[in-house]
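Enquirer: Okay, here's the structure, questions in a sec.
The values are calculated or read from the model by the stated rules, or taken from the named source; none is laboratory data. What you see is a predicted model, and the numbers here were worked out from it, not measured in a lab. Here the Cβ positions follow ideal geometry from the backbone for every residue, glycine too, while neighbour counts run over all protein chains shown.
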Number of protein chains: 2
Amino acid sequence: MGVQRQAQRRRMEPDARRAEILGVARRLFGARSYGTVSIAEIAAEAGVARALVSHYFGGKRQLYLEVVRQMMVVPASVSERLPPTTAEERISICVDRWLEVVERNREMWLSAIGLEALGNDPEIDQIMLEADEIATDRVLEAAMMTDVSEGREKLRAMIRAHSGMLKAASREWLVRGALSRSDLHVMLTRTVLHLVHTVFPALRDG
Amino acid sequence: MGVQRQAQRRRMEPDARRAEILGVARRLFGARSYGTVSIAEIAAEAGVARALVSHYFGGKRQLYLEVVRQMMVVPASVSERLPPTTAEERISICVDRWLEVVERNREMWLSAIGLEALGNDPEIDQIMLEADEIATDRVLEAAMMTDVSEGREKLRAMIRAHSGMLKAASREWLVRGALSRSDLHVMLTRTVLHLVHTVFPALRDG
DNA sequence: CGATCTATTGACACTCTGCCAAGAACGCCT
DNA sequence: AGGCGTTCTTGGCAGAGTGTCAATAGATCG
């Protein structure tokens, strides 16, 4: 199978070793599911003893959580330096930047949205929840609706629900190829605007 | 822990035994995650030897797939006997029935939409995909758009993307309580109509 | 009541994980 | 350069879970 290198042990800085193992873990967990990836495999590919992985991360589960955390990082650049024009224009730009990020980190994004044990695992849920909150803030900022007070929670919930559509639409684009990037751009932009400008007032006042 | 019953073995019809085991598995997999449920536990609660579970289902994984299949069944009643009025009215009824089903099978639905290994596991994906296709047919039927030819695949992809929002919105309703049932009703109905009547033409002609 | 069928079980082999003491590489001080 | 402590790294052990198969026992039929 793989080439046998690393005949003798090499001592490394903890941070470097940790990063090396984490990199391998991210690649493997990204490519296959949790249950089918073993610590032994990660250790082998990192050229390291199996026990060392547990030593650095405390166990398989915690290593996995670390990988998930890294994958869910939403780049702040998506909603930075937006021109002070209409909400439509700003959201359009925001969506476009986001699609750019997704296209570049294709595999990582697909792994992140197809995570295991969603809804069953409190810690995974917590991580995803925090990521969703950040993403929601970005959208509201772009839509210039950070200052709504009445029905604020309903609005945020709607944006989170919309991110569910975003994830499903991403799969349609990247995996099935049923939608193009510009299709997603149109659909996501219009849907956000529709939710914010039409549906939200109906919920708030109804 | 559990009461020790079933001191002696009882021989049952294969179908009955199979159904009994499947019932226990559905309950346990619905309540906790795949990795934390063991075959031994399922066998114990079913009052049966561990090997019998493997005998009937061929292994833990296949038993799990069987459970998933059962959970994803979309009742046909949702889109049956819809009155021949406007698309708005029909979709509104359809959404309402659907919310009724979800509310009744709360735990099962939450388990189903929070499945493990989504996007990593071809067989799980296949099951979810088939379920999505059926659900899409139901929606298009309600919207009276079963006969579109141009851009048919784009339209279906959009509906599938919308079901991603539906799932996320369900979580907001059932888990977080940030949205009410009537909120979902309004949001989902209006969003489907917006996608079908406004966004879809833009994609098709753009 | 005995023969037969097959649902059911106990046990074995294998894989994977967490854990711990022993070993080896590196930096430091004289 | 050489010895020495630090700590990075490893091999091995115990426990848990799974798949498999021959053996067992409950039900049915002549």
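Enquirer: Tell me yes or no: at least one residue of the range B:152-170 is out of contact with any Gly (no Cβ under 7 Å at 6 or more places or on another chain), surrounded by fewer than 18 Cβ atoms within 10 Å (Cβ to Cβ) and either assigned by TED's automatic domain parsing to the domain that holds B:P84 or outside any helix (DSSP H, G or I) (or both).
Expert: yes
Enquirer: What helices (runs of 4 or more DSSP H) completely inside the range A:3-93 contain at least 2 residues that are within 14 Å of chain B (Cβ to nearest Cβ) and within 12 Å of DNA strand C (Cβ to nearest atom)?
Expert: Those helices (runs of 4 or more DSSP H) span A:14-31, A:60-71.
Enquirer: Something else: Here are some residues: A:V48, A:V53, A:V68. Which one is closer than 21 Å to A:L110 by Cα and either within 10 Å of DNA strand D (Cβ to nearest atom) or surrounded by 16 or more Cβ atoms within 10 Å (Cβ to Cβ) (or both)? Before the answer, list the steps.
Expert: Details: A:V48 fails: closer than 21 Å to A:L110 by Cα; A:V53 fails: closer than 21 Å to A:L110 by Cα.
Only one candidate passes the filter, namely A:V68.
Enquirer: Identify, from the list A:S149, A:S180, the residue that is surrounded by fewer than 16 Cβ atoms within 10 Å (Cβ to Cβ) and either more than 10 Å from chain B (Cβ to nearest Cβ) or more than 21 Å from A:S92 (Cβ to Cβ) (or both).
Expert: A:S149
Enquirer: Have a look at A:L110, A:L99, A:L129 and point out the one that is more than 11 Å from chain B (Cβ to nearest Cβ), in a helix (DSSP H, G or I) and at pLDDT 85 or above.
Expert: The match here is A:L99.
Here's the yes/no breakdown for (1) closer than 30 Å to B:A143 by Cβ; (2) crowded, with 16+ Cβ neighbours inside 10 Å; (3) away from DNA strand D (no atom under 16 Å from the Cβ):
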{"site": "B:L22", "(1), (2), (3)": "no, yes, no"}
{"site": "B:S38", "(1), (2), (3)": "no, no, no"}
{"site": "B:L82", "(1), (2), (3)": "yes, yes, yes"}
{"site": "B:I93", "(1), (2), (3)": "yes, yes, yes"}
{"site": "B:R97", "(1), (2), (3)": "yes, yes, yes"}
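Enquirer: Taking A:R61 and the conditions (1) in contact (Cβ under 8 Å) with a residue 24 or more places away in the chain; (2) surrounded by fewer than 19 Cβ atoms within 10 Å (Cβ to Cβ); (3) outside the structural domain of A:G164 (by TED's automatic domain parsing), which numbered condition does it fall short on, given that it satisfies the others?
Expert: Failing condition for A:R61: (1).
Enquirer: Would it be correct to say that B:S163 is at the interface with chain A (Cβ under 7 Å from one of its Cβ atoms) and of a type in the set (S, T, Y)?
Expert: The answer is yes for B:S163.
Enquirer: For the range B:140-171, which residues satisfy the criterion of being closer than 20 Å to B:R97 by Cβ, of a type outside the set (S, T, Y) and over 15 Å from the mean Cα position of the chain (by Cα)?
Expert: B:L140, B:E141, B:A142, B:A143, B:M144, B:M145, B:I159
Enquirer: Shifting gears a bit: Which of the residues spanning the range B:151-186 are closer than 18 Å to A:V175 by Cβ and either small (G, A, S) or out of contact with any helix residue (DSSP H, G or I) (no Cβ under 8 Å at 6 or more places or on another chain) (or both)?
Expert: B:E153, B:A157, B:A161, B:S163, B:G164 - these are the residues of the range B:151-186 that are closer than 18 Å to A:V175 by Cβ and either small (G, A, S) or out of contact with any helix residue (DSSP H, G or I) (no Cβ under 8 Å at 6 or more places or on another chain) (or both).
Enquirer: Further question on the same structure: Keeping to the range B:184-194, report how many residues are more than 7 Å from every other protein chain (Cβ to nearest Cβ), of a type in the set (A, V, I, L, M) and crowded, with 19+ Cβ neighbours inside 10 Å.
Expert: So the count comes out to 3.
Enquirer: Mind checking which residues of the range B:142-160 are under 19 Å from B:D132 (Cα atoms) and in contact (Cβ under 8 Å) with a residue 24 or more places away in the chain?
Expert: Within the range B:142-160, B:A142, B:A143, B:M144, B:M145, B:G151, B:K154, B:L155, B:M158, B:I159, B:R160 meet the criteria.
Enquirer: Output yes when any residue across the range A:114-131 is more than 16 Å from DNA strand D (Cβ to nearest atom), over 29 Å from B:V175 (Cβ atoms), surrounded by fewer than 19 Cβ atoms within 10 Å (Cβ to Cβ) and in the same structural domain as A:R160 (by TED's automatic domain parsing), and no when none is. Give the steps one after another, and end with the answer.
Expert: In the first step, residues of the range A:114-131 are kept if they are more than 16 Å from DNA strand D (Cβ to nearest atom); the result is A:114-115, A:118-119, A:121-131.
Those left that are additionally over 29 Å from B:V175 (Cβ atoms): none.
Within the range A:114-131, none of the residues are more than 16 Å from DNA strand D (Cβ to nearest atom), over 29 Å from B:V175 (Cβ atoms), surrounded by fewer than 19 Cβ atoms within 10 Å (Cβ to Cβ) and in the same structural domain as A:R160 (by TED's automatic domain parsing).
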